[in-house]
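Beneath this line is the structure, given in structure tokens, with notes to follow.
The values are calculated or read from the model by the stated rules, or taken from the named source; none is laboratory data. It should be emphasised that the depicted structure is a prediction, and the values quoted were computed from it without experimental measurement. Here Cβ is always computed from backbone atoms with ideal geometry, including for glycine, and neighbour counts include all displayed protein chains. Just so you know, the surface numbers come from the protein's heavy atoms only, side chains and all, with ligands and any DNA or RNA stripped out. Shrake-Rupley method; radii C 1.70, N 1.55, O 1.52, S 1.80 Å.
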Amino acid sequence: MMRRHGALALFLVFVAAAPLLLPAFYVTLFNYIGLAALVALGLVLLTGVAGIVSFGQQAFVGLSAYTTAALAVHAGASPWVGLVAALALTAAAALALGSITLRLSGHYLAIGTIAWSVALYYVFGHLEVLGQYNGLDNVPAVSLAGWKLDTGSESYYLIWLVAVAALLAARNLLDSRVGRAIRALRFRSVMAESFGVDTAALKLLVFLYAGLLAGLSGWLYAHYLRFVSPHAFGVNAGIDYLFMAVIGGASQVWGAVIGASILTVLREWLKDLLPAVFQKSGNYEIVVFGVLMTLLLHRTRDGLVPAFARLLPAGARRARPPEAPALPRRAQPARGTPLLELRGVHKRFGGLIAVNDMSLAMRSGEILGLIGPNGAGKSTVFNLVTGVLRTDAGEIRFLDERIERSTQRDIARRGVARTFQHVNLVSNMPVIDNVAIGTHLRGGKGSVAAMLRTDRDEERRLLAEAARQLERVGLGEHLHEPAGSLPLGQQRIVEIARALCADPVLLLVDEPAAGLRYGEKQALAALLRKLRDEGMSILLVEHDMEFVMGLVDRLVVMDFGQKLAEGLPAEIQADPVVLEAYLGGIE
Ligand code: ADP
Ligand code: MG
């Protein structure tokens, strides 16, 4: 913590002092770095964190630069009017492009962004009102209360004020309720939806945010250079921005500054050096960048920031988050209320009937075990109940309402929380942040509150809840470790803590004891019993017979997608049909 504050203070002092100490040439260089860092920062969020690749950010830069330049040159509009218009147009373009392409998988978006930026490049180059390939000049400088920012160092302060504000806002955003959901978008969107995150809307939000950052950069660019032409907004520029984000460290906010600095300085340097070496003019730096990028990805996938961070001494271990008032809890239905009912449910995958005329009923306050050999259809039942999959026929009722057509998010809101048989954690995110995703629907602060840090009260309560649930499942020692570094058995327990954070009515756990040692299994059974005694209802899929028999109130046995038997553990253990089909095979 101290180390991070120290590094930030040092960075801010350096940014503030640079124009006073450095020659004009370097101030210009830093201006370009600041402009590029804004765009790269958008890509860090979009590509590095959310996993959405865009080659088209320079088109947003260009759209914004041309909007403000054209308004100023043709209509004499003030740059501030230009700013509003440019950002509005950029936002509209990002929303339109995003809602068309984000629904498709990753590479379609990448192709879409290339297509859109090529198209826009030609529009810029052909429209007479935009000066065609000559561009627009005599764009005015920005003035602030009569003070004209028309020297390099005055522009420097404007550019870096915006860049630093954007960096801090992005850092705050990632460290929040919405930020945790954004970090789950890349590999864990099914999980995020199961805790109530609207992943489609969130992707669009990140795309919009990245577009607006590019738009800000374009506005600054136009009024700093006082000139716009299409050449700065070609596809090459888009690739450069992506290089910057990747070189710096695509999942790190500060990577945007480091990547933009390295690429900008290197380009200046190579532009002079390489033609002298080859005795011929040309854009050789592109080749060098390509080689560097390949080497870098080979050596360190995550870019330079994490590689440098490893060299620094480890900071003080962060403590448990401070106590905070508990979150409100939902009313649990009275013990014995009919809770979940499946009636004649069918699900097929192509020719395979995974669930065949399955029925079961459970009441509030019981632990129902669902057992059966591998491939019997147990996890598919979980996915049907939680809305990950749609039934082909049959009814599913939760608290007497039909849910077989409901979305994952709607089912989560009703109080169903789950764990996944194939662990579904964001592996590079600390355990406590993973678990806090479970609280998503118990908070309400959005991205603007997060950027401005007005979400801190709620955030403290969400993190305190996550810490409490982790302590409850016995993982209080591991709050700040990356979730992926825990043994698989403990990762399953982390998933239980996350589900408990949702304050569920019904908890669905899929093979929670797999990979646990004997003592850990005992502790898990004790925990599940305790939860039941507190009124929670649990549907448990499990392979370990000993674990199930001592724990559950009733059992349903599945085989080949169908219900084979149902009853008390002792009855099931004595049932010859079950023994033959299932237990016999195991013992
Ligand atoms: P269990 O959890 O009881 O081991 P599952 O519900 O995972 O069984 O799987 C039941 C059957 O459905 C298996 O034959 C499995 O291969 C198949 N199956 C599960 N999910 C899918 C899917 N998404 N696509 C195709 N087949 C699937
Ligand atoms: Mg399964």
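Some observations on this one:
- Gap separating the Cα centres of segment 501-539 and segment 128-199, nearest whole Å: 44
- Probe 1.4 Å, accessible area per residue of segment 12-147, Å²: 43
- Separation of alpha-carbon centers, segment 386-407 and segment 317-385, rounded to whole Å: 12
- Ordering 285-293, 30-38 by mean Cβ neighbour count within 10 Å, with the highest value first, yields 30-38, 285-293.
- Taking every DSSP helix (H) stretch of at least 4 residues in the chain, weighting each as -39,500 (n - 2.57) and dividing the sum by the residue count yields a mean residue ellipticity at 222 nm of -17000 deg cm²/dmol.
- Accessible area (Å², per residue) of segment 178-249, counting only protein heavy atoms and a probe of 1.4 Å: 29
- Beta bridges per DSSP, both residues in the chain: antiparallel share near 60 percent.
- Rounded percent of accessible protein surface that carbon and sulfur make up, the chain, 1.4 Å probe: 61
- Beyond 29 Å in Cα-Cα separation lie the following of the pairs 521/563; 378/521; 148/203: 148/203.
- All lysines inside 24 Å of residue 280 as judged from Cα atoms, apart from same-chain residues fewer than 8 positions distant: 271
- Measuring nothing but how far apart in sequence close Cα pairs (under 8 Å, 6+ apart) lie, relative to its length, segment 90-232 scores a relative contact order of 42 percent.
- Here residue 10 and residue 168 are evaluated by their C-beta separation; at R0 = 25 Å the FRET efficiency comes out at 0.95.
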